[in-house]
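Structure, as structure tokens:
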Amino acid sequence: MAESTSHHELRIGRPGVNGISVGDTSMRIAVPVAAFTKSEIVQQWQAAVDSDADIIEWRVDGLVDPELETLGLTLRDIHRIPVLVTLRTKREGGRFPLREGSGEYRRLLRQAAHWADAVDIEAAIPDAPELIVEARELGSIVVVSQHVFDEAVTADRLRECVKEMAAMGADIVKIAWMVNNDDEATVIEEAQVWANDALPIPTVIVGMGEAGVRTRVGQPGTRNAFTFAHAGTSTAPGQPSVDEVRQSLTV
Ligand SMILES: O=C1C[C@@](O)(C(=O)O)C[C@@H](O)[C@@H]1O
């Protein structure tokens, strides 16, 4: 497999405060916090910090919103790790019940983009293009995401999806595709190598499920801009622990 050489460095967070770069040759680790009560959120955040996370992914689906901003700002100020806010919808494996036309997804994401270092916007949301522009104008990095659970992966289809998501104005493209065997995992890895060379932005292309674990660790040449790894609370099938990813990076 060809090694990827290109760099698409992008900064997340504020320099000297909580800023880091992604898309260079290192693979960053995003650790999800996906809890429902304030005390659990604080605990999971601390576990992510203790694991030496590069990015905290705060999964806010399933939470009531009024307190979000204050809590997120406080935890970011204390721990100084950049925060990616994700409102994962039910149809993409999360808990947010998207009601078409309600404007609720857009409202919550816009609110998050005021303070978060990065926000995740699902490519399949009808007003995703407008929301991407708004979130960037508010100063947030935009991760355009997609999860595919029930379609067999092919190289052509995967590349097409990644290109479409990049064309929506993403700062980073992230796609997670359910894979069932080694051949499908190879399609994912080859797409990551292709994207590292062919696209001008950082990308995260990973397989879900047990067969996808190898697409999430640090094999030379196929590295994602960042990978998702848990510090106790996994948010996707086949998501490795932070320790597993770190070990793979030292090999
Ligand atoms: O989009 C993603 C990727 C992910 O689903 C994974 O496959 O590890 C984990 C989610 O928390 C995150 O929002």
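The conditions of being of a type outside the set (D, E, K, R), farther than 28 Å from Arg14 by Cβ and either at pLDDT 90 or above or not in a loop (DSSP other than H, G, I, E, B) (or both) are met by Leu98. Taking the numbered list (1) assigned to a helix (DSSP H, G or I); (2) in contact with a Ser or Thr (Cβ under 8 Å, 6 or more places away or on another chain) in turn, Leu71 passes all entries but (2). All conditions in (1) on the phi > 0 side of the Ramachandran plot; (2) within 16 Å of the ligand (Cβ to nearest atom) hold for Ala112, with the sole exception of (1). Remark: pairs (first residue in segment 27-55, touching a residue at least 12 places away in the same chain (Cβ under 8 Å); second residue of a type in the set (A, V, I, L, M) and surrounded by fewer than 20 Cβ atoms within 10 Å (Cβ to Cβ); Cβ separation under 7 Å; 6+ apart in sequence or on different chains) = Met27/Leu249; Arg28/Ile20; Lys38/Leu71; Ile41/Ala35; Ile41/Leu71; Gln44/Ala35; Asp54/Ile20.
Could you go through segment 54-62 and let me know if any residue there is within 13 Å of the ligand (Cβ to nearest atom), surrounded by fewer than 17 Cβ atoms within 10 Å (Cβ to Cβ) and farther than 18 Å from Lys174 by Cα.
Start the filter on segment 54-62 by keeping residues that are within 13 Å of the ligand (Cβ to nearest atom), which leaves 55-62.
Those left that are additionally surrounded by fewer than 17 Cβ atoms within 10 Å (Cβ to Cβ): 62.
Still in the list and also farther than 18 Å from Lys174 by Cα: 62.
Yes, there is a match, as at least one residue in segment 54-62 is within 13 Å of the ligand (Cβ to nearest atom), surrounded by fewer than 17 Cβ atoms within 10 Å (Cβ to Cβ) and farther than 18 Å from Lys174 by Cα.
With respect to the conditions (1) without any contact (Cβ under 8 Å) to a residue 60 or more places away in the chain; (2) in contact with a strand residue (DSSP E or B) (Cβ under 9 Å, 6 or more places away or on another chain); (3) closer than 24 Å to Lys174 by Cα, Arg107 lacks only one, and its number is (2).
Counting only residues that are of a type in the set (S, T, N, Q) and under 23 Å from Thr227 (Cβ atoms), how many does segment 84-125 have?
Within segment 84-125, residues that are of a type in the set (S, T, N, Q) and under 23 Å from Thr227 (Cβ atoms) number 2.
Using the structure shown, decide if Val49 is aliphatic (A, V, I, L, M), within 15 Å of the ligand (Cβ to nearest atom) and either in contact with a helix residue (DSSP H, G or I) (Cβ under 6 Å, 6 or more places away or on another chain) or farther than 30 Å from Thr250 by Cβ (or both).
Criteria not met by Val49.
So Ser21 clears everything in (1) over 27 Å from Val173 (Cβ atoms); (2) free of Cβ contacts under 8 Å to residues at least 40 places away in the same chain; (3) away from the ligand (no atom under 16 Å from the Cβ) except one condition, right? Which one? If we test Ser21 against (1) over 27 Å from Val173 (Cβ atoms); (2) free of Cβ contacts under 8 Å to residues at least 40 places away in the same chain; (3) away from the ligand (no atom under 16 Å from the Cβ), just (1) comes out false. When Ala123 is tested against (1) within 26 Å of Gly16 (Cα to Cα); (2) among the hydrophobic types (A, V, I, L, M, F, W, C); (3) within 13 Å of the ligand (Cβ to nearest atom), only condition (1) is not met. I'd like to know if segment 148-164 contains one or more residues that are without any contact (Cβ under 8 Å) to a residue 24 or more places away in the chain, farther than 24 Å from Asp183 by Cβ and of a type outside the set (S, T, N, Q). Scanning segment 148-164 turns up no residue that is without any contact (Cβ under 8 Å) to a residue 24 or more places away in the chain, farther than 24 Å from Asp183 by Cβ and of a type outside the set (S, T, N, Q). Residue-level check: of (1) part of a helix (DSSP H, G or I); (2) touching a residue at least 12 places away in the same chain (Cβ under 8 Å), Ala124 misses just (1).
Within segment 164-201, the residues that satisfy the criterion of being under 17 Å from Glu122 (Cβ atoms) and either small (Gly, Ala, Ser) or over 16 Å from the mean Cα position of the chain (by Cα) (or both) are Glu164, Ala166, Ala167, Met168, Gly169, Ala170, Ala176.
The values are calculated or read from the model by the stated rules, or taken from the named source; none is laboratory data. No experiment lies behind these values; they were computed from the predicted model shown. Ideal geometry is used to build each Cβ from the backbone, glycine not excepted, and the neighbour counts take in all protein chains shown.
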